[in-house]
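Let me begin by presenting the structure, written as C-alpha cells, before commenting on it.
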Amino acid sequence: YFSHFLWENKDKIAENPDGKNKPSILTAEIFDKKIDADYIFFGHNHTPNIMKMNKKTFVCVGSLGVRSPANYVMLTIENDKVKIEHKQLIYDTQKVIDEMLTLNYPSAKNIINFFNEE
C-alpha cells in the first residue's frame, strides 16, 4: 500500500498523532486498523523510518523536497525477498527557492517557509 498518508475520507487526511516528529507506533496503529497490506509506505512525516508491528512493515519514505538532503526509498523485490533501503540526495535548496519565485510557482511563498523549518 502506498499513500501520502492515511485519508479519513476523500476530503480529509487523518490526524497525524506524531505532528512533525519522527513517525512512531501511533502512526503504525492508525494504518494497521485501516489498511490490509503487508507493507505500507507513506509520507507526511518527513523523517524516514521503518517500523514493524503485527506482521506488517510500515515505511515512512521521508521527503523528496523542501530540505536537503532529500530522502527517498528504494524498494527491491527479488525471488520473493523484499529489500527496503533509505537513500538521500543532496541538492541546492536556494536554487529551488529562486526558481519557484522566478516561475511564480503557486503558493511559492508558503512552500518556501517549509525550507526553513527544523
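For the reader, a short list of remarks on this structure follows.
- The residue of the stretch 56-73 that is nearest to residue 99 (Cα to Cα), among those that are within 14 Å of the chain's Cα centre (by Cα) and outside any loop (DSSP other than H, G, I, E, B), is 70.
- Tallying residues that are in a loop (DSSP other than H, G, I, E, B), under 13 Å from the mean Cα position of the chain (by Cα) and surrounded by 14 or more Cβ atoms within 10 Å (Cβ to Cβ) within the stretch 30-55 yields 5.
Residues are listed down the side, and each one gets a yes or a no for (1) in contact with a Ser or Thr (Cβ under 6 Å, 6 or more places away or on another chain); (2) open to solvent by less than 70 Å² (accessible area, probe 1.4 Å); (3) under 26 Å from residue 3 (Cβ atoms); (4) aromatic (Phe, Trp, Tyr):
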{"residue": "63", "(1), (2), (3), (4)": "no, yes, yes, no"}
{"residue": "72", "(1), (2), (3), (4)": "no, no, yes, yes"}
{"residue": "79", "(1), (2), (3), (4)": "no, no, no, no"}
{"residue": "105", "(1), (2), (3), (4)": "no, no, yes, yes"}
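- Screening residue 58 with (1) more than 23 Å from residue 32 (Cβ to Cβ); (2) of a type in the set (Phe, Trp, Tyr); (3) surrounded by 13 or more Cβ atoms within 10 Å (Cβ to Cβ) gives one miss only, at (1).
- Pair list, Cβ under 9 Å, 6 or more apart: the stretch 51-77 residue in contact (Cβ under 8 Å) with a residue 12 or more places away in the chain and β-branched (Val, Ile, Thr), other residue open to solvent by 30 Å² or more (accessible area, probe 1.4 Å) and assigned to a loop (DSSP other than H, G, I, E, B): 57/38; 59/48; 61/48; 66/46; 66/117; 73/48; 73/61
- When the stretch 83-118 is filtered for residues that are in a helix (DSSP H, G or I) and in contact (Cβ under 8 Å) with a residue 40 or more places away in the chain, the ones remaining, listed by number, are 111, 114, 115.
- For the stretch 92-108, the condition holds for no residue, the condition being that it is under 20 Å from residue 44 (Cβ atoms) and of a type in the set (A, V, I, L, M, F, W, C).
- Looking across the stretch 81-103 at every residue that is of a type in the set (A, V, I, L, M) and closer than 29 Å to residue 39 by Cβ, the one that is most open to solvent (accessible area, probe 1.4 Å) is identified as 90.
The values are calculated or read from the model by the stated rules, or taken from the named source; none is laboratory data. Since the structure is predicted, the reported quantities are computational estimates derived from the model, not experimental observations. Backbone-built Cβ (ideal geometry, glycine too); neighbour counts: all protein chains shown. Each accessible area value is taken on the protein alone, full model and side chains, heavy atoms only, with ligands, DNA and RNA left out. Shrake-Rupley method; radii C 1.70, N 1.55, O 1.52, S 1.80 Å.
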